[in-house]
Each structure stands twice: as structure tokens, then as C-alpha cells.
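**Student:** Sharing a structure here in C-alpha cells format.
The values are calculated or read from the model by the stated rules, or taken from the named source; none is laboratory data. Quick caveat: nothing in here was measured; it's all calculated off a predicted structure. FYI the Cβ positions are ideal-geometry reconstructions off the backbone, even for glycines, and counts take in every protein chain you see.
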Amino acid sequence: MTGSWLTRLAWSALIFLALATPSHAEAVKKHPTAKHPAKTIAGRQLGGTGSWNAYIHQAKSGPVCYLAGAPQKTEPPRFKRRPPSATVTHRPQENVFNVVNFDEGYPLKPGSDASLDIDGKNFDLFTKDDGAWSRTSDLDKTIVEAMAKGRQAVLKASPAKGPQTTDTYSLAGFTQTLALIDKACGVKR
């Protein structure tokens, strides 16, 4: 991982955070600029473990805490795209917690779903532009809980052009990094 990759990831996550609402599925569908979560706001790194890093940003509405991670394996290996990433976000002043986003780094096939498998538990995510999200805040919470208990998450998605991609995330360090953003934003589990 390079510093510039982490910076792009942080910027991508924060744009998404700025646009997410409690009914985030509808917000993402309505906001064409929501495709890259964090490219315009810098966050302060809180720490991290494994391939996961935690950040906090002070927005006008209050603190925004998020974690971001990179897959350990992507397939097909030579598929041209920006580095994929996964984020989880809390915005306590807006009563928004556990918002899950996967940035695939390429335009996704319009109207397609992405498939997330966490240690054999399957979740369907809706897609918009180059991102995949859960449809409800309850599903976000369920996915975060599964990731905190899991060993591996595998996301499969279909690009607008080209073969299906598979991104494999190690969840080693996810729970510890989640605890950093929970503490920073006052989230009790």
C-alpha cells in the first residue's frame, strides 16, 4: 500500500460520507457524484491493523469516522481499474452508522447487483456507477457484524465492459480498526 493510494481511498470515502443519508440507498441512487466516497475531504488517521485503516474528519455536521481497506487479491489480475476498496462509515450527528461501501474502481454494469460473501454468509448489494452498497441501514449493521466476526469477505461484481471481478478481503484487523472508529465517534456495540 502506498501513501498516495491511502490518500485516494480517504478522499473517496469522505465524498461518500458527505452524501450518505439514513436512507443511503435512495441517496446513492439520486446523487451521481456519490460514486467516489472520499476524494474531497482529508481525514486524520487514527491507526489501523492489517489492511484496514481508521480515519476521522470534522465535518460541519460533526465528526465523520470511517475505516478503509484494500483487498488482498483481485481477479482477473490484469483487469484495468483503480485500486478497489471497502469502507465503513459513522456520522453520529446525523444518526448514521455502519454504512458499508465497496468501490470497485471501474464503472459497474447498470442495474446489476454485487454479491458479497463473508465466510459463507451471502449478501446482495445494489450498484451505482463504481460502488456497491447495501439497501438498508439494518443490512449495513448485519454486514459489519459479519465482517467483525469473519475471516474473509469476497465481493463479486460485473463491470459495464469486461469479465466479472472478484475481490478478496482479509478481515484480519477489521475488528480492531472498527473499534477505533467506534471509539472516535462514540458508537457502542
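**Student:** Is it the case that some residue within the stretch 158-180 is part of a helix (DSSP H, G or I) and free of Cβ contacts under 8 Å to residues at least 40 places away in the same chain? Break it down into steps so the answer makes sense when it comes.
**Tutor:** Restricting attention to the stretch 158-180, the residues satisfying the condition of being part of a helix (DSSP H, G or I) are 174-180.
Next, from what is left, pick out any that are free of Cβ contacts under 8 Å to residues at least 40 places away in the same chain: 175, 179.
Among the residues of the stretch 158-180, at least one is part of a helix (DSSP H, G or I) and free of Cβ contacts under 8 Å to residues at least 40 places away in the same chain, which makes the answer yes.
**Student:** Still on this structure, I have one more. Of everything in the stretch 84-106, what is on the phi < 0 side of the Ramachandran plot and surrounded by fewer than 15 Cβ atoms within 10 Å (Cβ to Cβ)? Give them in sequence order.
**Tutor:** Selection gives Gln93 alone.
**Student:** In the stretch 74-94, what count of residues is obtained for those that are basic (Lys, Arg) and under 24 Å from Leu139 (Cβ atoms)?
**Tutor:** 1
**Student:** Could you list, in sequence order, all residues of the stretch 95-119 that are among the aliphatic types (A, V, I, L, M), in contact with a helix residue (DSSP H, G or I) (Cβ under 9 Å, 6 or more places away or on another chain) and more than 16 Å from Thr136 (Cα to Cα)?
**Tutor:** Within the stretch 95-119, just Ile118 meets the criteria.
Residue-wise test of (1) at pLDDT 95 or above; (2) under 14 Å from the mean Cα position of the chain (by Cα); (3) over 17 Å from Lys188 (Cβ atoms).
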| position | (1), (2), (3) |
| --- | --- |
| Gly69 | yes, yes, yes |
| Pro76 | no, no, yes |
| Phe79 | no, no, yes |
| Pro83 | no, yes, yes |
| Asn98 | yes, yes, no |
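**Student:** With the stretch 40-151 as the region, which strands (runs of 3 or more DSSP E) entirely inside it contain at least 1 residues that are of a type in the set (Lys, Arg), in contact (Cβ under 8 Å) with a residue 40 or more places away in the chain and closer than 16 Å to Ile181 by Cα?
**Tutor:** 85-91
**Student:** If Thr74 passes every condition in (1) closer than 17 Å to Thr168 by Cα; (2) crowded, with 23+ Cβ neighbours inside 10 Å but one, which one does it miss?
**Tutor:** Checking Thr74 against (1) closer than 17 Å to Thr168 by Cα; (2) crowded, with 23+ Cβ neighbours inside 10 Å, the one that fails is (2).
Let's see how each residue does on (1) touching a helix residue (DSSP H, G or I) at 6+ places or on another chain (Cβ under 8 Å); (2) crowded, with 19+ Cβ neighbours inside 10 Å:
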position	(1), (2)
Asp124	no, no
Gly131	yes, yes
Arg135	yes, no
Leu139	no, no
Val144	yes, yes
Ala157	no, yes
